[in-house]
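Below: one structure, written as structure tokens.
The values are calculated or read from the model by the stated rules, or taken from the named source; none is laboratory data. Given the structure is predicted, the values throughout are model-derived calculations rather than measurements. Here Cβ is always computed from backbone atoms with ideal geometry, including for glycine, and neighbour counts include all displayed protein chains. Keep in mind that these areas ignore ligands, DNA and RNA; they rest on the heavy atoms of the full protein, side chains included. Shrake-Rupley method; radii C 1.70, N 1.55, O 1.52, S 1.80 Å.
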Amino acid sequence: AQTVTQSQPEMSVQEAETVTLSCTYDTSESDYYLFWYKQPPSRQMILVIRQEAYKQQNATENRFSVNFQKAAKSFSLKISDSQLGDAAMYFCAYSFESNFGNEKLTFGTGTRLTIIP
Amino acid sequence: GAVVSQHPSWVICKSGTSVKIECRSLDFQATTMFWYRQFPKQSLMLMATSNEGSKATYEQGVEKDKFLINHASLTLSTLTVTSAHPEDSSFYICSASWLPIRSYEQYFGPGTRLTVT
């Protein structure tokens with residue numbers, strides 16, 4: 001069974017600084033997908049960034065980037081120039097596509113990020 | 001694009017009654033919809049996966065007769081909590097999957113807060 005582990009329940013960062021959220025996962029699949037979702041106080045899940053396992057290049061979306069280490073099964077999220085609007089719960093998630101079609105997302109336990117003004 | 005709505009956003013019901021939550025994909029055809037439950041300060045727990053026109057697949061430990069899921073069309077899935085009790089109070093989130101070529105990605109609704117008194 002696939003598992004996703006986020007070892008940092010809470011993190012805080014000074015506004016405009018950089019913070020890295022950690023995520024490790026376990027899978028026997030060779031082709032899969034990894035995601036970081038953000039859940040602000042509104043509780044709407046927002047996709048921050050996505051990484052396909054077959055791609056060696058780390059995904060980047062503006063101030064958000066990942067460090068994907070496939071051999072180590074590690075998928076960390078770096079937020080640069082942190083802004084007050086980045087304050088939220090961040091969930092790491094894993095999925096894969098099987099012959100049966102759509103597959104479920106497996107979520108980590110989340111990291112609550114606080115931005116200090 | 002890829003907007004998912006949920007209705008209602010908040011519902012209060014009396015113990016023993018049933019409540020229905022709707023999940024709609026507004027601008028795409030959702031071949032698969034997922035229902036999650038989230039307790040305060042916890043991660044999302046997948047309850048069931050439903051494909052249009054077929055029976056839902058429930059996760060282990062989820063009572064099928066209590067949480068009825070119907071995916072009658074490619075844009076609508078409903079979750080009915082039957083004979084609700086206070087312990088069913090929670091935040092329920094649905095998500096929808098795009099066409100099979102991008103079935104790994106899920107788009108989330110804004111969630112429904114259920115309070116059973």
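Counting residues in the stretch B:77-96 that are closer than 27 Å to A:GLN6 by Cα, part of a loop (DSSP other than H, G, I, E, B) and not hydrophobic (A, V, I, L, M, F, W, C) gives one or more.
Can you pull out the strands (runs of 3 or more DSSP E) entirely within the stretch B:1-61 that have at least 2 residues that are farther than 18 Å from B:PRO110 by Cα and modelled with pLDDT of 95 or more?
none
Regarding the stretch B:81-89, can at least one residue be identified that is touching a Gly at 6+ places or on another chain (Cβ under 9 Å) and at pLDDT below 95? No: zero hits.
For every residue, the table says whether it meets (1) under 27 Å from A:GLY108 (Cα atoms); (2) within 11 Å of chain A (Cβ to nearest Cβ).
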{"position": "B:LEU44", "(1), (2)": "yes, yes"}
{"position": "B:THR57", "(1), (2)": "yes, yes"}
{"position": "B:LYS66", "(1), (2)": "yes, no"}
{"position": "B:ALA72", "(1), (2)": "no, no"}
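Within the set B:LEU74, B:LEU46, B:LEU26, the sole residue that is open to solvent by 10 Å² or more (accessible area, probe 1.4 Å) and touching a Phe, Trp or Tyr at 6+ places or on another chain (Cβ under 6 Å) turns out to be B:LEU46. Of everything in the stretch A:29-83, what is in contact (Cβ under 8 Å) with a residue 60 or more places away in the chain, among the polar types (S, T, N, Q) and open to solvent by 70 Å² or more (accessible area, probe 1.4 Å)? Give them in sequence order. Correct list: A:GLN83 only.
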